[in-house]
Amino acid sequence: MKVVNSIIRIIVGLMLIVFGANKFLNFIPMEPATPELGNFMMALVSAGYIMPLVAVVEVLIGVLLIVNRYVALSLVLLAPLSINFVGINLAFTPEGVAPALFVFAANTYLMYLNRDKYLPMLK
């Protein structure tokens, strides 16, 4: 079972590195955003939301997951991102929700496996 857990962690890490780096390097051709998604993204940017920071955090989390360091912290940082991945996909591109749901489910599962590390926060 440890091998399966490691494979899930590494797959999530690779996904985060690839899609986070793609925000800078554009090596994966993306379909144009729907008008609604474009408006949403422009609203975030105009409100001061720092999109490059999100990409850097994605890559950092991915690297930490792959090298198996600070995994519990990485999963906590990934939690709000994975919720947003699902929410944005459901709202604007429901046909592309599968990878987002995988990241969310994997994050939840991996957090469950690391639950002993989170218990001190409940005291």
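We did not get these values from a lab; they are worked out from the coordinates using the rules stated. Because the structure is a prediction, the values reported are computed rather than measured. Cβ atoms come from the backbone with ideal geometry, glycine included; neighbour counts cover every protein chain shown.
Between N84, N68, N26, the residue with the greatest mean-square fluctuation in the GNM of the chain (Cα pairs under 10 Å linked by springs) is N26.
Taking the Cα centre of the chain as origin and charging only Cβ (+1 Lys, Arg; -1 Asp, Glu), how large is the dipole, in debye to the nearest 20? Dipole of the chain, to the nearest 20 debye: 620 debye. Normalised by the residues of the chain, what does the relative contact order come to in percent, with Cα pairs under 8 Å and at least six apart? Across the chain, relative contact order equals 30 percent. Listed values (1) 1.11; (2) 1.02; (3) 1.43 include one computed from this model; for Cα Rg over 2.2 N^0.38 Å that value carries the label (1).
Taking the Cβ of each residue in V4, V76 as the centre, tally the other Cβ atoms inside 10 Å and list the residues starting with the fewest. Sorted ascending by nearby Cβ count, the order is V4, V76.
As an exercise, use a Förster radius of 22 Å and the Cβ-Cβ distance of K123 and K2 to find the FRET efficiency, rounded to the nearest 0.05. So, using R0 = 22 Å, E works out to roughly 0.20. Counting only lysines at least 8 places from K2 when in the same chain, those with an alpha carbon closer than 20 Å to its own are K117. Taking other Cβ atoms within 10 Å as a rough exposure proxy, I10, I50 sort from fewest to most as I50, I10.
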